[in-house]
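Each reported figure results from applying straightforward, stated rules to the coordinates on display, with no laboratory input. Note that the structure is predicted; figures quoted are calculated from it, not measured. Because the Cβ atoms are built from the backbone with ideal geometry, glycine has one as well, and the counts that use them run over all protein chains shown.
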Amino acid sequence: EKGNHRHYMQKEIFEQPIVVAQTLQSYVRPFEGRVALPDIDFDLGSVNRVTIVACGTSFYAGMVAKYWFEQFARVPVDIDVASEFRYREPVLEKGGLALFISQSGETADTLAALRHAREQGQTIAVVVNVPTSSMAREADLLLPTHAGPEIGVASTKAFTCQLAVLAALAANLARAKGRLSEEQEREIVAHLQEAPEAMSQALGHDEDIAAMAHLIAPARDVLYLGRGPEYPMALEGALKLKEISYIHAEGYAAGEMKHGPIALIDDLVPVIVLAPSGPLFEKTVSNMQEVRARGGKIVLISDAKGLADAGEGCMATIEMPEVHPLIAPLVYAVPVQLLAYHVAVAKGTDVDQPRNLAKSVTVE
Ligand code: M6R
């Protein structure tokens, strides 16, 4: 039931602090400062390569996870969209972990990729929201998200729960590889535990975001920029906007703008910049200034510190709480979801059942 909410998507966006906390309960032991996985009967420490395969929003969760696995566990990661995976004849060596991410657990491309990886002798890990799904049944290592049923075609809460599981998996892998001190593990757990509250604070900006929807709704094209783990979040922001508002949107790595896409910029193209303060902030902002110098209308999403440094001259700003870089993708998911939602509402589209789309894509 939608309760007080106008759409399932809105309800699901607002459920995120609760379902992310619920999901984390299965993957962290906060009092001990340890991450944990469901019982597994193989040695994560023997994993020498991770191959991530997924579609759509689940693929973007995988892109964020690649940063974490490589940064924390120093394990090389390959990532493909499922519809390309088999056809490029990937080299899958012994000792590889193939990781499939799916809300439904039924996406045909992802399921076919899973079976291909099994034939190639990979250990199969699955992050899935539907515990009775085909992918869940075929997994060696089943990592459920506890988002509850997701009705809106645009994935929201399943995505942030995927991120929570993937962050915990990265830490487990790092520990198994001997790359994580107890102190570092305790810190990761503490940061993960901060995510639900930070997401609630982000949701507190719902009305501000609704009030700026009219700035985006008339646009024909919208660009999203981010760096590091916020690059996949830019892709996700663009996908959400495309799906439900039917506005053409693209996400780019902020530093890639000058290699072509900046030619698109004029004062009719809103550019949404995801830039939490931290190690990547300055570079992202200098890319943002290049856009502004060409007349681009900027919406800067950052924390108080980032907005104080770079907010001036933007068409609009959205303030996020200041968070550790590990949980920034979970927190920055909220404003991009809300922005897409409110723009779609302003345009009067069918938010929960956008045209041409199905909740579960069971054809290849
Ligand atoms: O059920 P899955 O996570 O495997 O679905 C993958 C994509 O079809 C899905 O994420 C799609 O991109 C959503 N509509 C995004 O909002």
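For the stretch 247-258, putting each phi into the Karplus relation 6.51 cos²θ - 1.76 cosθ + 1.60 with θ = phi - 60° gives couplings of 8, 5, 9, 9, x, 9, 5, 3, x, 8, 3, 5 Hz, in residue order, rounded to whole numbers and with x for Gly and Pro. Fewest-first ordering of SER181, SER277, SER83, SER155 by other beta carbons within 10 Å of each residue's beta carbon gives SER181, SER83, SER277, SER155. The relative contact order of the chain, computed from alpha carbon pairs under 8 Å that lie at least 6 residues apart in sequence, is 20 percent. Once C-alpha pairs closer than 8 Å and six or more residues apart are averaged by separation and normalised to the residue number of the stretch 150-290, the relative contact order reads 21 percent.
To the nearest Å, what is the center-to-center distance of the stretch 320-364 and the stretch 136-170, using C-alpha atoms only? One Cα centre to the other: 16 Å. Here the gap between VAL363 and ARG29, fully extended at 0.36 nm per residue and compared with their Cα-Cα distance, gives a gain of 116.3 nm. 3J(HN,Hα) along the stretch 196-201: x, 5, 5, 5, 4, 5 Hz, from the Karplus curve 6.51 cos²θ - 1.76 cosθ + 1.60 with θ = phi - 60°, whole Hz, x for Gly and Pro.
Ordering VAL91, VAL361, VAL331 by the number of other Cβ atoms within 10 Å of each residue's own Cβ, fewest first, gives VAL91, VAL361, VAL331. Once C-alpha pairs closer than 8 Å and six or more residues apart are averaged by separation and normalised to the residue number of the stretch 87-206, the relative contact order reads 17 percent.
DSSP beta bridges fully contained in the chain are about 5 percent antiparallel. Our analysis of the stretch 209-364 gives Rg over Rh at 0.96, with the two radii drawn from alpha carbon positions and Rh computed by the Kirkwood formula. A simple charge model with +1 on the Cβ of Lys and Arg, -1 on the Cβ of Asp and Glu and nothing else charged puts the dipole of the stretch 165-209 at about 520 debye relative to its Cα centre. Each distinct pair of alpha carbons in the stretch 49-121 adds a 1/r term; the inverse of their mean, the Kirkwood radius, is 12.2 Å. Give me the angle, in degrees from 0 to 90, between the Cα long axis of helix 206-216 and the longest principal axis of the Cα atoms of the chain, rounded to the nearest 10. Roughly 60 degrees between the two axes.
Over the Cα atoms of the stretch 150-265, the radius of gyration divided by the Kirkwood radius equals 1.05; this is the Rg/Rh ratio. Counted by neighbouring Cβ atoms within 10 Å, the residues PHE69, PHE59, PHE281 run from fewest to most as PHE281, PHE59, PHE69. For the chain, a Kirkwood radius taken over Cα pairs fed into Stokes-Einstein (4 °C, viscosity 1.567 mPa s) yields D = 63 µm²/s.
In this rough spin-label picture, where each label sits 7 Å from Cα along the Cβ direction, the ILE151-GLU187 distance is 4.3 nm. Per-residue packing, averaged as other Cβ atoms within 10 Å, sorts the ranges 115-121, 224-230, 49-55 into the order 224-230, 49-55, 115-121, beginning with the highest. Helix 157-176 axis versus longest C-alpha principal axis of the chain: approximately 50°, rounded to the nearest ten.
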